[in-house]
Protein chains: 2
Amino acid sequence: MSNDPFLAKLERARAAAKTLANVTTLRKNDALEAIASAIESRVPEIIEANALDLERGRENGIGDGLLDRLRLDEDRLRGLAAAVREVISLPDPVGQIVRGSTLANGIAITQVRVPFGVVGAIYEARPNVTVDIAALALKSGNGAVLRGGSAAEHSNRVLVGLIQEAISSTGLEGDAVQTIDEFGREGASRLMRARGYVDVLIPRGSAGLISTVVNESTVPVIETGSGIVHVYVDASADEEMAVSIVKNAKTHRPSVCNAAETLLVHRDAAERLLPRLARELIGAGVELSGDEATRASVAGVAAADDETWATEHHALEMGVRVVDSIDEALAHIERYSTRHTEAIVTEDYANAERFLAEVDSAVVMVNASTRFTDGGEFGFGAEVGISTQKLHARGPMGLPELTSTKWLVRGAGQIR
Amino acid sequence: MSNDPFLAKLERARAAAKTLANVTTLRKNDALEAIASAIESRVPEIIEANALDLERGRENGIGDGLLDRLRLDEDRLRGLAAAVREVISLPDPVGQIVRGSTLANGIAITQVRVPFGVVGAIYEARPNVTVDIAALALKSGNGAVLRGGSAAEHSNRVLVGLIQEAISSTGLEGDAVQTIDEFGREGASRLMRARGYVDVLIPRGSAGLISTVVNESTVPVIETGSGIVHVYVDASADEEMAVSIVKNAKTHRPSVCNAAETLLVHRDAAERLLPRLARELIGAGVELSGDEATRASVAGVAAADDETWATEHHALEMGVRVVDSIDEALAHIERYSTRHTEAIVTEDYANAERFLAEVDSAVVMVNASTRFTDGGEFGFGAEVGISTQKLHARGPMGLPELTSTKWLVRGAGQIR
């Protein structure tokens, strides 16, 4: 074991992960149930720690969006425990056979899922992520090294302690889950270069955090979550559906990455739909910035500029642009999208299929709220994050995305 | 288009790749057939260019292993054309549905395969890789930016020119395949940082090249090929099978990554098998370095040291060690393996299954030559490389490994 306390933690996680790789599903599920029960039985203690984080957050003047994501109340904790139980109910990906065949020479090849080893996560002020990632890592046979950020330090310390105790209480190695919050920014930097200790690193948070991790890591990274999400209302869109989807996509939970940031409306639908869309959004507290055509048809809309289209607001703010055609909508999306989620509202079959084929984003939708881009909604249980890269995983990541594979080759003496 | 000639090439590849993404399989196959025919009809011209590279290689004193990998003769070119035709016969991964379901609320979600966009490759002195990667990229709807290294510069220039002409002759955009050899080392460095231009980067070559690419790239990397490959001969191994597999794994083509570098023999089989194994290897021209136990039972074996076990020789050299148990074999492999391929030769069921479960390598074999770790042998057609990382792809990579996915979501107005 290393004398360096940081590396020692990583080594403990790695050694514990090695023991998890060949543990039965039943034993992993026992540990998960222990975690869920511990969350429920220790609600007051968790909320107390969270209150310290919230208080410090308010003192430091962090925004409402961040405060909302930091907050743990009894409902959210029961939701977290339920999410852990949902992971119990999910199939264990480890040992699943992905594909296989018998070669002409009689050799049988089988590709099976195996754990990565140790999963690292760097995120900001979202203590629910601590539980989500620990649960998904455990079920998929991985260790987890978590850097949750100073804004959620008290909450994370209580949660990781509780998770370690719960795992150990069932006879598995609690060391598999580690927090490195106490090592501060330096710890995050070291985690990014911990090749050989950590097999994959998942950043969740602001665009700045993600770009730092992508640029500085030598550990393979899965880029997640930054979402400049578009809803395009086509000429043929149904009025009620357009209003309902746009309002839901923007206002249901504006602080999260699948919330819409930009509304594009076809010119032929602008007169029919834009005044009502704007009225309902403004009525729900949304501040609109629009192009000239939008401002000409709706009062109380600020002037949009290039920054409007290139910003993820995480708040009740939205850019609105009138486009001449679906081509112009596709070009706008191609230029400004972070390739997370885009939706079209349309009654036109050809435009729906064209939008699905040509938009190069992790999730492309027809006639549904962008809020559905979510591991829970997709039926994956708790979610590791939403990958916006193309390598390994794209879109909501669940258990299989936390595994690698290996090939098993069974022969009878074959040579080339 | 950029004024910078390097970026202009990347932009041309990207623009051409965008047109390939939605091209039918039939049209891509026509272009592949044109490439295969062009290779066959231009054999003398390719061999002439290759002769210049071989001559310069000999002048620069590069080793026999490298020279062998650099060489193109008529047989190998016919083999390359055949490999391209095998890619024609493979299913097109683009548009394949990976999985999907209908959610409780009626939303249908479908995960489909889509091209990455542009695949970059950095490799050394293997002109066959130029054709392999171009063919696999084309079939999977991707562009390819190739940096094949100065040692194969003449061969690669002729091959890429021929590929571009062949693609264009069928009406697709030949610009989809680009070589950046003319930009030298600076071009390779820039390619590693070409995030936004290149979607994934595949290094193939020496451990030094791979580690440079892994450490310097901001583009996502798939690490390939470095192979310190072990064959473990268990106590119960059949003599004829052990001799045949060890000899084949070491001598069939020693310059490639799936050739064995280290032989581990169980103590209980050493007396029975080691003298004959050593005699046959030495008879085939292999220089052996061994531990004390090996040297005590076989004459003419040099002393092995830590470097012996940690070196990929790419030549007729092999380390030999006698181990006390399968545990010691597993520990040796855990310490020195590059996680490419390891094989056990055994008649013991429990040891076979234990080896398969516990060795953490891309390919783990029982009673077969390590030379079978190969895209062609696995039935993938020509191969992009053998991934030794855990993210995205592990082991031989074929067409599906050159694609990403996206989620298509079809709703009827659902909101959360």
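The values are calculated or read from the model by the stated rules, or taken from the named source; none is laboratory data. None of the values given here were measured: they were computed from a predicted structure. Backbone-built Cβ (ideal geometry, glycine too); neighbour counts: all protein chains shown. Just so you know, the surface numbers come from the protein's heavy atoms only, side chains and all, with ligands and any DNA or RNA stripped out. Shrake-Rupley method; radii C 1.70, N 1.55, O 1.52, S 1.80 Å.
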For region A:336-416, the percent of accessible surface on carbon and sulfur atoms (probe 1.4 angstrom, ligands and nucleic acids excluded) is 47 percent
Dipole magnitude of chain B, debye to nearest 20 (Cβ charges: Lys/Arg +1, Asp/Glu -1, about Cα centre): 1980 debye
Using label points projected 7 Å from each Cα along Cα→Cβ, tell me how many nm separate A:Tyr349 and B:Glu165, to one decimal. 4.6 nm
Note to self: Kirkwood Rh of region A:277-325, Cα pairs, one decimal, Å, is 11.0 Å
Picking from B:Ala151, B:Tyr197, B:Val213, whose Cα lies most toward the positive end of the charge dipole for region B:149-227 (charges on Cβ: Lys, Arg +1; Asp, Glu -1)? B:Val213
Overall Cα dimensions of region B:135-274, principal axis frame, Å, largest first: 63, 35, 27
Mind listing the label-point distances from A:Arg253 to the same position on all other copies, shortest first, one decimal in nm, points 7 Å along Cα→Cβ? 5.2
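In terms of the Cα gyration tensor, with a ≥ b ≥ c the square roots of its eigenvalues, is region A:229-372 rounded because a/c is under 1.5, prolate because a/b exceeds b/c, or oblate?
Numbers: a/c = 1.33, a/b = 1.15, b/c = 1.16.
Rounded.
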Here P(r) for region B:297-416, Cα-Cα distances in 10 Å bins, as whole percents, is 11, 31, 30, 14, 7, 4, 2, 1
For chain B, find the longest principal axis of its Cα atoms and tell me its angle to the long axis of helix B:25-41, 0 to 90°, nearest 10. 60 degrees
Using 10 Å bins from zero, what percent of all Cα-Cα pairs in chain B falls into each bin? 5, 21, 27, 23, 16, 7, 2, 0
For helix A:127-139, report the angle its Cα long axis makes with the longest principal axis of the Cα atoms of chain A; keep it between 0 and 90° and round to the nearest 10°. 50 degrees
Can you give the helix-only mean residue ellipticity at 222 nm for the protein assembly as shown, where every DSSP H stretch with n ≥ 4 adds -39500 (n - 2.57) and the sum goes over all residues, rounded to the nearest 500 deg cm²/dmol? -13500 deg cm²/dmol
Taking a point 7 Å out from Cα toward Cβ as the label site, list the nm distances between A:Ala331 and the same residue in every other copy, smallest first. 6.7
Rg/Rg_ref, region B:128-195, where Rg_ref = 2.2 N^0.38 Å and atoms are Cα: 1.08
Added length on full extension, which subtracts the Cα-Cα distance from 0.36 nm per residue, B:Phe183 to B:Asp64: 40.1 nm
For region A:367-395, list whatever residues lose no less than 50 Å² of accessible surface once every protein chain is in place, relative to that chain by itself, with the probe at 1.4 Å. A:Phe372, A:Glu377, A:Phe378, A:Lys390, A:Leu391, A:His392, A:Arg394
What size of dipole, in debye to the nearest 20, comes out for region B:229-372 about its Cα centre when the only charges are +1 on Lys and Arg C-beta atoms and -1 on Asp and Glu C-beta atoms? 540 debye
Chain A: relative contact order in percent, alpha carbon pairs under 8 Å with at least 6 residues between: 18 percent
Quick query: amide H of B:His340 versus all other amide H atoms, modeled in the peptide plane; which residues come in under 5 Å with a sequence gap of 5 or more or a different chain? B:Ile228, B:Ala362
Give me the percent relative contact order of region B:352-398, please, defined on Cα pairs under 8 angstrom at least 6 residues apart. 30 percent
Give me the angle, in degrees from 0 to 90, between the Cα long axis of helix A:207-216 and the longest principal axis of the Cα atoms of chain A, rounded to the nearest 10. 40 degrees
Simple Cβ-charge dipole of the protein assembly as shown, Lys/Arg +1 and Asp/Glu -1, about Cα centre, in debye nearest 20: 480 debye
Over region B:264-310, what is the relative contact order in percent, taking alpha-carbon pairs closer than 8 angstrom and at least six residues apart? 29 percent
Region B:314-373-region A:184-234 distance, computed between alpha-carbon centres (Å): 35 Å
By the gyration tensor of its Cα atoms, with a ≥ b ≥ c the square roots of the eigenvalues, what is the shape of region B:320-366: rounded for a/c under 1.5, prolate for a/b over b/c, or oblate? oblate
Considering only chain B, pick the residue with its Cβ nearest the axis of the rotation onto chain A, and state the distance in whole Å. B:His392, 2
Roughly what % of Cα-Cα distances in region B:264-345 sit above 15 Å, to the whole percent? 56 percent
Going by a ≥ b ≥ c, the root eigenvalues of the Cα gyration tensor, does the protein assembly as shown fall in the rounded group (a/c under 1.5), the prolate group (a/b larger than b/c) or the oblate group? oblate
Chains A and B: buried accessible surface, both sides, probe 1.4 Å, rounded to 100 Å²? 5600 Å²
In Å², and per residue, what accessible area does region B:229-372 have when probed at 1.4 Å with the other protein chains present? 36 Å²
Surpassing 22 Å at the alpha-carbon level, of the pairs A:Lys247/B:Lys18; B:Lys18/B:Lys406; A:Lys18/B:Lys390; B:Lys18/B:Lys139; A:Lys390/B:Lys139; A:Lys18/A:Lys406, are A:Lys247/B:Lys18
Please report the carbon-and-sulfur percent of the accessible area for region B:1-68; probe 1.4 Å, protein heavy atoms only, DNA, RNA and ligands left out. 54 percent
Ascending list, in nanometres, of distances separating the B:Ala412 label from those of the other copies (7 Å, Cα toward Cβ): 5.5
Separation in nanometres of the label points that stand 7 Å from Cα toward Cβ, at B:Ala284 and B:Glu55: 3.6 nm
Could you work out the Rg to Rh ratio of region A:14-145, with Rh taken as the Kirkwood radius (inverse of the mean 1/r over all Cα pairs)? 1.13
